[in-house]
Structure formats: C-alpha cells, structure tokens
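The values are calculated or read from the model by the stated rules, or taken from the named source; none is laboratory data. Bear in mind that the values here come from a model prediction, so they are computed numbers and not experimental data. Cβ atoms come from the backbone with ideal geometry, glycine included; neighbour counts cover every protein chain shown.
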Amino acid sequence: MGKMIEFERPDGTRCGGYLAEAAPGRPAVIVIQEWWGLNDQIKRVADRFAAAGFTALAPDLYHGRVTQDPDEANHLMSGLDFAGATHQDIRGAARYLRERTKKVGITGFCMGGALTIAAAVHVPEVTAAVCFYGIPPAEFATPAQIRIPFQGHFAKHDTWCTPEAVKRLEEEMLAADLAPEIYRYDAQHAFCNEARPEVYDAASCRTAFDRAMRFFGHHLG
C-alpha cells in the first residue's frame, strides 16, 4: 500500500502523487493516469509495480480532481496542458525518483499512454517506456523521436487509439531505424482497467503486464 506525497517540479512549484515503494535501491516506474484522474484503479497499478519490485510514482496531473463521468473526464483531459504535464509534473516525478535510483521507466494508460510517448521524447531522465493504448498529437511528440527502449500495447477494437494510428506509429518508428516492441490484443480500449468490466479483458491484461514487467526488468534492472 502506497501513500500520497509531494515532489518538486522543475519550476520550483509542488505536485502531488501516489508513491508505492519497493525495496531501497530498486528501479522505479512513473505511472500515468487515464483521463479519469489519479483514482484508486491507477493507485492499484502503482501498488502492482511495487509488489513486482519497482518503486512506482503516479503524479496527480489533475491536482486533486477525479471523476467517473466520461463527459467530465473529457473536459478535464481537454483542459490539461500536455506540455506542462510533461515538462513539469512528469519530469518532476522522474527527477524525484532519480534521486533514489539510477533508472526510471514510465508507463501510462489512454491519456497516460499518450503522455508516456511524450515523456519518452521530452524527459531525459526516463530510461524506458511502456505505452498502453495512447498516442499524443504529432505536433507535440512523434514516436519517431523516441530514443529509448519502447514497448506498446494496443487493442484491435479501439475507436480512439485506432489500429490505423498504431500502424502509423509502428511504421514511423521503423522508418527511423528504431526497434519498438508493439503488441496488439483482441480487445477493446482500456482493456487493462478492471474497474470497467464492460471493456476489461483479464487475459489480455495479464499478458500485457507480464510483457511490461519483463521489459522493465531487462531495461531497468
């Protein structure tokens, strides 16, 4: 079980986050929320990483706001300053963790998956990235700019992060002589969110998490 903390952003202001600690000196992972906010489900993901031996920090990108309403979630995500979240909140989390361990990975889901790619491009303290069904706007960060190990998990029946968008992501990275690990699942968007039984796919989620844990173990361990 983790706890809420505060850490310093590069601009000197503070950001809250949920910290789930593994043993001292173990590698760390930043966990980025879906558009719902830093809710209990994301905290459980952080706990899951900690149980697997990775200290996990989930920054609170909405600064205390959480919702279960899709319309409000869309409003919150639309109002989020992606550049500020990446360069300030996420980079601040990475710096906080780098004070405690040598290597820091990042992972995120939906909106958090898009920010995972953005951080892989813009946050130099991040060592490896695992994206779950999210791609950022190309004008902010393109996957071809990633220069760290990258793994992506996507759904074949996703109307938001579509198969066509995933194909372009993979093609762009391969054209840039990168070697991404891209996995596609016979599932729907948000298939790793057990709090949403209408889309949750336990088998696909378990496989994706096993792959992510091995990936981080290899590149961070």
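Evaluated against (1) surrounded by 15 or more Cβ atoms within 10 Å (Cβ to Cβ); (2) out of contact with any strand residue (DSSP E or B) (no Cβ under 9 Å at 6 or more places or on another chain), residue 25 falls short on exactly one condition, (1).
Among the residues of the stretch 123-146, how many are farther than 17 Å from residue 80 by Cα and either in contact (Cβ under 8 Å) with a residue 12 or more places away in the chain or touching a Ser or Thr at 6+ places or on another chain (Cβ under 7 Å) (or both)?
The initial filter retains those residues of the stretch 123-146 that are farther than 17 Å from residue 80 by Cα, namely 123-133, 142-146.
Of the ones still in play, those that are also either in contact (Cβ under 8 Å) with a residue 12 or more places away in the chain or touching a Ser or Thr at 6+ places or on another chain (Cβ under 7 Å) (or both) are 123, 125-133, 142-146.
Residues that pass the stated criteria total 15.
Residue-wise test of (1) modelled with pLDDT of 95 or more; (2) among the polar types (S, T, N, Q).
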site: 142; (1), (2): no, yes
site: 170; (1), (2): yes, no
site: 188; (1), (2): yes, yes
site: 195; (1), (2): yes, no
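Applying the criterion of being in a helix (DSSP H, G or I) and small (Gly, Ala, Ser) to the residues of the stretch 164-187, the residue that is farthest from the chain's Cα centre (by Cα) is 175. For residue 107, the conditions (1) assigned to a loop (DSSP other than H, G, I, E, B); (2) polar (S, T, N, Q); (3) within 17 Å of residue 217 (Cβ to Cβ) are fulfilled apart from (1). Taking the criterion of being out of contact with any Phe, Trp or Tyr (no Cβ under 6 Å at 6 or more places or on another chain) and among the β-branched types (Val, Ile, Thr), would at least one residue in the stretch 166-179 satisfy it? No, the stretch 166-179 has no match at all.
Being under 17 Å from the mean Cα position of the chain (by Cα) and assigned to a strand (DSSP E or B) is true for just one of 29, 45. Which residue is that? Please lay out each step first, then the result.
Working: 45 fails: assigned to a strand (DSSP E or B).
Checking each option against the conditions leaves just 29.
For the stretch 50-61, indicate whether the set of residues that are in a loop (DSSP other than H, G, I, E, B), over 17 Å from the mean Cα position of the chain (by Cα) and more than 25 Å from residue 157 (Cβ to Cβ) is non-empty. The answer is yes; a qualifying residue exists.
A single member of 117, 106 is among the β-branched types (Val, Ile, Thr), more than 16 Å from residue 17 (Cβ to Cβ), in contact with a strand residue (DSSP E or B) (Cβ under 6 Å, 6 or more places away or on another chain) and crowded, with 19+ Cβ neighbours inside 10 Å, and it is 117. Residues that are buried (at least 22 other Cβ atoms within 10 Å of the Cβ), in contact with a helix residue (DSSP H, G or I) (Cβ under 6 Å, 6 or more places away or on another chain) and either more than 11 Å from residue 32 (Cα to Cα) or among the hydrophobic types (A, V, I, L, M, F, W, C) (or both) within the stretch 86-103 comprise just one, 90.
Checking 67, 55 one by one, the residue that is in contact (Cβ under 8 Å) with a residue 40 or more places away in the chain, over 19 Å from residue 86 (Cα atoms) and of a type in the set (Val, Ile, Thr) is 55 and no other.
Of the numbered criteria (1) within 15 Å of the chain's Cα centre (by Cα); (2) part of a strand (DSSP E or B); (3) within 23 Å of residue 73 (Cα to Cα); (4) among the hydrophobic types (A, V, I, L, M, F, W, C), the one residue 129 fails is (3).
Looking at the stretch 38-55, can you tell me whether even one residue there is of a type in the set (A, V, I, L, M), surrounded by 18 or more Cβ atoms within 10 Å (Cβ to Cβ), out of contact with any Leu (no Cβ under 8 Å at 6 or more places or on another chain) and closer than 22 Å to residue 136 by Cβ? Checked the stretch 38-55: at least one residue is of a type in the set (A, V, I, L, M), surrounded by 18 or more Cβ atoms within 10 Å (Cβ to Cβ), out of contact with any Leu (no Cβ under 8 Å at 6 or more places or on another chain) and closer than 22 Å to residue 136 by Cβ.
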